[in-house]
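Below: one structure, written as structure tokens.
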Amino acid sequence: MVKNNKIFTIAAIIILISSCNNGYKSYLENANNTLIEQKKSFAEDYNKQNLLIHFPKKIINDSFRLYCYPPSCPPSYNCSSQTGEVYLICKKNDYYNRVSKILSDSALCVYNYFDNGNMIIDLMELKRTFIPIEKCNKFYKDKYPIPYFEKIDFGLGLKRRKDTVINKQRYFTSTYFIPTDLEIYVISAQAGNYWKVDCKEKRPESLKNWINGYSRGIAISNKENLLIYWVMVW
């Protein structure tokens, strides 16, 4: 039986070091449990398995931000949002030794995020064009899709908050400052419709064969000492 529609937003949680050690342990445990659940939830509705296998098995300390937006679609739920993404932002020094071999042996490509001609996917605007971003959701030959990172709060400050009214509905969007030296390592990506049950959501034709697919990888900023695990499906 398909469950009722449900909107998931496990928002970024900024850990604050607590004077209560038990509270700290509980918070970190909850974050790790959330990560485990994301690894399961993507597999329930998507035909590609182990999409979060490059993520750490365990978040090791309190210096992280975790953003989870899992799919809300059949077979688990009614059609609400047939996209999903997870971002784990942590200190590079804490995790780099764990991923250095992956980056050297398994990365399909490395992009500077600010280079022209990157195929940047804004999942929020795939099935609607209320507030389109000029550089997003466009096909580029021989390029792999990467996330629209400006919508993620890296802790470097708010860049812009926009309030837009469309058809008497109010929409709020925020963009954030991101590291100026952000390097994107794509570990795996594949075009195609891999949903177990297709909701046939609208997708921009400008993406050509990448109107559906998945992409996952790691991003690094040496300047800000940040390492970002990411995955997205659409």
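Of the peptides 225-234, 185-194, 31-40, the ranking by mean beta-carbon count within 10 Å, highest at the top, reads 225-234, 185-194, 31-40.
About the centre of its Cα atoms, the range 68-166 shows a dipole size close to 120 debye [charges on the beta carbon of Lys, Arg (+1) and Asp, Glu (-1) only; nearest 20 debye]. Name the residue farthest towards the positive end of the dipole of the chain from the options Phe177, Leu207, Ser106, assuming +1 on Cβ of Lys and Arg, -1 on Cβ of Asp and Glu, about the Cα centre. The residue sitting farthest along the positive end of the dipole is Leu207. Under 5 Å between amide hydrogens, built in the peptide plane, is the criterion, and for Arg128 it picks out nothing among residues at least 5 positions away or on other chains.
Could you please state, rounded to a whole Å, how far the C-alpha centre of the range 43-87 is from the C-alpha centre of the range 166-234? After rounding, the separation between the Cα centres reads 13 Å.
Which residues in the range 49-64 place their backbone N less than 20 Å from a point set 7 Å from the Cα of Glu29 along the Cα-to-Cβ direction? From the range 49-64, the list is 57-64. Sequence-ordered 3J(HN,Hα) estimates for the range 33-38 from the Karplus curve with 6.51, -1.76 and 1.60 and θ = phi - 60° stand at 5, 4, 5, 4, 5, 5 Hz, glycine and proline given as x. Beta bridges assigned by DSSP with both partners in the chain are antiparallel in approximately 90 percent of cases. Think of the range 21-233 as having a plus end and a minus end, set by charges on the Cβ of Lys, Arg, Asp and Glu; of Leu123, Ile187, Tyr144, Leu123 sits farthest toward the positive end of this dipole. Can you tell me the relative contact order of the range 127-234? Whole percent, Cα pairs under 8 Å, sequence separation 6 or more. Computed value for the range 127-234: 26 percent relative contact order.
With a ≥ b ≥ c taken as the square roots of the eigenvalues of the C-alpha gyration tensor of the range 168-234, please select rounded if a/c is under 1.5 and otherwise prolate if a/b is larger than b/c or oblate if it is not? The shape class here is oblate.
Given contacts defined as C-alpha pairs under 8 Å and at least six residues apart, what's the relative contact order of the range 21-233, whole-number percent?
Numbers: 379 pairs, mean separation 51.0, N = 213.
Once normalised by length, the contact order is 24 percent.
Once you charge only the Cβ atoms, +1 for Lys and Arg and -1 for Asp and Glu, what is the size of the charge dipole of the chain about its Cα centre, to the nearest 20 debye?
The calculation lands at about 400 debye.
Values quoted throughout were computed directly from the atomic coordinates according to the rules given, and no laboratory measurement underlies them. Computed from a predicted model, the values in this text were never measured in an experiment. Cβ: placed from backbone, ideal geometry, glycine included. Neighbour counts: every protein chain shown.
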